[in-house]
Amino acid sequence: MNIIVNGQTMQIEDSLNRVDKLLHSFNLQVKTVVVELNRQILTREYHEKTALRDGDRIEIVHFVGGG
């Protein structure tokens, strides 16, 4: 499946067919993240319920500490 993540085209395995699975593959499941799918913000409760499809556009923003 081909999707666009943060502006970059990526080919992902068909098994990564939900937002939560994609986040897990990036090791982001435990961090505070904001996910936008096709210009719609997804709250955490929808990550497990939202399917990914070929051509989807995803923006993922995660916060890091520092100083």
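Overview of results
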| read-out | value |
| --- | --- |
| Using a Förster distance of 25 Å, the FRET efficiency for Asn17-Arg44 (Cβ separation, nearest 0.05) | 0.85 |
| Equivalent ellipsoid semi-axes, the chain, via Cα gyration tensor eigenvalues times 5, rooted, Å | 19, 13, 12 |
| Qualifying GluC sites (Glu not before Pro) for the chain [loop in DSSP, other Cβ within 10 Å: at most 13] | Glu13, Glu48 |
| Sparsely packed chymotrypsin sites (Phe, Trp or Tyr not before Pro) within the chain, loop by DSSP, other Cβ within 10 Å at most 11 | Phe63 |
| Accessible carbon and sulfur surface of the chain relative to its total accessible area, %, 1.4 Å | 47 percent |
| Amide hydrogen neighbours beyond the local backbone of Asp56, cut-off 5 Å, H modeled | Ile4 |
| Candidates Asn27, Asn38, Asn17: whichever shows maximal mean-square fluctuation once the chain is modelled as a Gaussian network with Cα springs under 10 Å | Asn27 |
| Sparsely packed trypsin sites (Lys or Arg not before Pro) within the chain, loop by DSSP, other Cβ within 10 Å at most 15 | Lys31, Arg39, Lys49, Arg53 |
| Heavy-atom accessible area per residue - the chain, 1.4 Å, Å² | 72 Å² |
| Relative contact order %, the chain, counting alpha carbon pairs below 8 Å whose residues are six or more apart | 44 percent |
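The values are calculated or read from the model by the stated rules, or taken from the named source; none is laboratory data. This is a predicted model, so every value here is computed, not measured. Because the Cβ atoms are built from the backbone with ideal geometry, glycine has one as well, and the counts that use them run over all protein chains shown. Just so you know, the surface numbers come from the protein's heavy atoms only, side chains and all, with ligands and any DNA or RNA stripped out. Shrake-Rupley method; radii C 1.70, N 1.55, O 1.52, S 1.80 Å.
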